[in-house]
Amino acid sequence: MKRFNLPCCTIFIVLKTVNAWMPSPYHQHSLYLTNNAAQSAKRNPLFTTLPSRTIPSNQVLFITEKSYETDAMGLNELQTLLRDAVKKENFDEAIRLRDVLAERVSSGAYSPSGESDDKRKKKRLSWRGLGTVPWLEDRLDALGYKFPTTIQINAFESVNTMLGALDDDSSNIADKETLEELIYRKGTPGLNMGVVVSGSTGSGKTLSYLVPMLSTLSESLFTRQRIRVKSEEDIGDAADDLLARVAVQTSPTVRGHGRQQVGGRNTIAIGAAMSSMGKSGTDVKNPLALIVVPSRELGVQTALLLYELVGGSTKKTQTELSGLKNMFKYKGPKGVKIGCILDEEEAKYGLKLQTDVAITTPEHLPKLIRDGDVVPSKLRVIVYDEADLALEQTSDEDLNTLFRDTESERDFSRLTYLVGASVTESLGKLCVKDSVLPEGKSFIATATRFAPLIAEDMNLEKDILQQKATFKDLGMCLDPGLRHERVIAPDNSGLVCLARMLRKELKDYENDLALGKNETMKIQRPKVVVFFPGEEEARAAIEPMRDAMWGEHKLCVLLPKSGVNPLNIMEQFKNGQTSVMLATPNSVRGLDFADLTHVYTLYLPVDDTREYLHLAGRVGRIGQMGSVAGKGGRVTSILRPDEAEQMVELAKELNFNFVDIEYETGEINPEASDVEEMRRYLEDKLTLIGLAQDPVIDLDQAEKNRPSIQYEDDEDEEDAIDK
C-alpha cells in the first residue's frame, strides 16, 4: 500500500514491488578528500576539479577501491564500475573511468561540420549537457540515474543533431531552446524523424527513448496539467470534493481504466484512477505518445519506470522512506496519465479516459486505432521497443494505418524510435520505411556511435561515407563482457547436471564468505535464470528441480501463455523471494532483473539466433556484477553431445568466444561420503535422470501381449471342494 499525503487529502495507491537498481560496492584505491570537497564532488563528481589532498587529519574521508583493467571490459561493466565509484565517493577512480568512456563515445560521435575536434567530448556525459529539461534532470538524479549511459548519450545526440540543437554552443543553459521549442520552430506538421537505437541488452535502451520523449513533450504536459486543474476549479465545489478531484488530476497514473492495473492484482492507483467531473475537452484526451512492446511483462516494466519518471513513487512497504524520490520534491508536470492496454480484459474497455502516454502490444493496437482511442495524426512520439519482434507481430495494414498519413492530416511533427538488441538490416524492407525513417531525417544510434542513416546505393567519398550509417551497419548486439561456457552432458542428464552446478555455485559462494573474501572482492549469492525451449518443457522440469534443490534454492517458473499469475512470479523473482527462475527466451525478453549472476540454457536456439542473444542478455547488464570485476555475467549452455558443434557455429555467427566446462559427474565415495551426500546422489538419479528416461508404454500393445490365464469352471471347483 502506497500513501500520498497531499494538502487536506490523502490518496492511497497500492503498487506491486519494484526492485530498483542498486550499485555494487567495490574496494577502492586510497583517496583522501575534505568533507567539503566530498560534498562538492558528490553534487557533480565527474565535472568537479578536486582540491589538494593536504588536509587536517580530523577532516579525512578514507575510501579504498581495487582498480580493474578496463580494456577487457564491455561497456556495460565499465559503466557499472563508474556508478559504483561515484556512489562510494571514489572520485579519482570515477574520473578515470569517465575519461575512458568519453574517449569511447567521442570516437564514434558524428560531427555535422566535419570537424575532428570534438567540443562536446565531456559535455555530453551529463543529462544537462544533452539538453534534458531541468525537472527531468533532477528526477533522474533522485532515482539514481545520475548520468547517461553511452547508448542514451548517442540516442539523445541523434535527436539534437536532427533539430540543430548542437548549432548553439551557448554556455548559458537558460538561453537555449528546449527540444520542444526547436521542434515547433523548425518542424512542420508533416515532418517525420526517426532514430534506430541498436545496442546490447542491459545497456539502458529504455531510458534512451523515455528521456528525450519527455523532454520533447514537457511543455505540453505542463499545459495539460493546467487545463485539467482549471476544468475542476470551474465547476466549483458543488460536490464538496474539489481538493480531492484536483489531487486526482495532479497525481501520476498508471491505469487500465476500471480493470486490473498494470503490474498485476496489487498495482492500483485508487485515487488517481477516478474519473474527472470537469470537461477538459479533447485537447487533453488523446495520447501524445505511443509505446508498442511485444509482451505484457515488458509493458509493465516500461510503465512503472515511466511512472517513476513523472513523479510516481513505488514502495515495498508503507514504512519505507522515499528519500529524494519523494513526490513533494518532484518539479515536473503533475497528473501525467499513462494508459496501458496489455491484455484482453483491458482491450475491452480501451483508453476512454484522458491519456498522455499509451502503452500497448501489437495485438491490441488495431482496436485502439479503430475505436479512436489512439489517433495517429495526433501522436508526436511513437516507440517500437524490441522492434524486430514487435514489428513482426504488427501487420502491414496496421503499420500503414499508424504511419501512412499525408501532411494535411498531421497535427504535429513526429519522432519515431525503433529500439532493440537484434534490429537488423531487415528494417530496410519495412513497408513504411519512408515514413518511419525518412531520408535526411534519420539516425542510427548504438552504444559506440551515432550517425545519419543514408541509402546504401549513395555514391559518396570514402571519408564522408565513414561518417554515415546504413542498414548494413545494424546487427546482433551481444555485450562483449559476457563469459560464455559450454557443458557437454550425456543424454538425458541435463537436469541433473544443472542441479549439481547450482549446488557447486552455491557452495563456492558459502566458502568465499567463510574465507572472508567478501572483504576484498564483490561476492553475491547466486541468482539464476534457466532457459528451456518452450513452456511445456519448463513446466515439466519445475517439480523435479524444486524437489532436488529443496532447502538450497527457491524456484519459480514464468509461463506468460499458460502459467498462473506471471506478473506476480516476475515480481517475486525481482524482489528476491525466489532465486532460480525457469523461463523461455521470449517470456523475459527486455526484462531487467537486478543482481542476476548467471544464465543457464538447456537447449541451443540454432533456428533463431536472436533467442540466444536475448537469453544471454539477462546478465552482464549495467548495474549487475560483471565477469571481469566479479563472478557475474556468465552464460552456461548445457548441451547433448550431438549439439556440441552447433555451439561453434552459433559463436561464429554472433562473434563470441566460449570455454568448455567439465561435466559434474557427482560421483561419490561410499566410504568417505556422508549420508546426506549419498541421499542427494540417489535422489538425483531417481527424480532427474529417471524423468528423462521413463519409457513410453503402449498400453494397447501391452494388453495384446499379456499372456492369458486359464481358470477351471466354477462347477469343477465346487466339486473339488465337496470331495
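The values are calculated or read from the model by the stated rules, or taken from the named source; none is laboratory data. Note that this is a predicted model, so its numbers are computed, not measured. FYI the Cβ positions are ideal-geometry reconstructions off the backbone, even for glycines, and counts take in every protein chain you see. Calculation scope for accessible area: heavy atoms of the full protein, side chains included, ligands and nucleic acids excluded. Shrake-Rupley method; radii C 1.70, N 1.55, O 1.52, S 1.80 Å.
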Helices (runs of 4 or more DSSP H) fully within segment 205-318 counting 2 or more residues that are at pLDDT 85 or above: 205-234, 296-309
Let me confirm something: among Lys574, Lys554, which residue is buried (at least 22 other Cβ atoms within 10 Å of the Cβ) and not hydroxyl-bearing (Ser, Thr, Tyr)? Lys574
What number of residues in segment 438-454 are farther than 12 Å from Thr470 by Cβ and hydroxyl-bearing (Ser, Thr, Tyr)? 2
The condition of being open to solvent by 10 Å² or more (accessible area, probe 1.4 Å) and within 19 Å of the chain's Cα centre (by Cα) holds, among Asp547, Asp592, only for Asp592
Being open to solvent by 10 Å² or more (accessible area, probe 1.4 Å) and more than 24 Å from the chain's Cα centre (by Cα) is the filter here; which residues of segment 438-457 pass it? Pro438, Glu439, Gly440, Lys441, Pro452, Leu453, Ile454, Ala455, Glu456, Asp457
Report, ordered by the first and then the second residue, all pairs with beta carbons closer than 6 Å, sequence separation of six or more or different chains, a first member in segment 551-568 that is closer than 18 Å to Gly299 by Cα, and a second member that is among the β-branched types (Val, Ile, Thr) and open to solvent by less than 50 Å² (accessible area, probe 1.4 Å). Leu558/Ile569
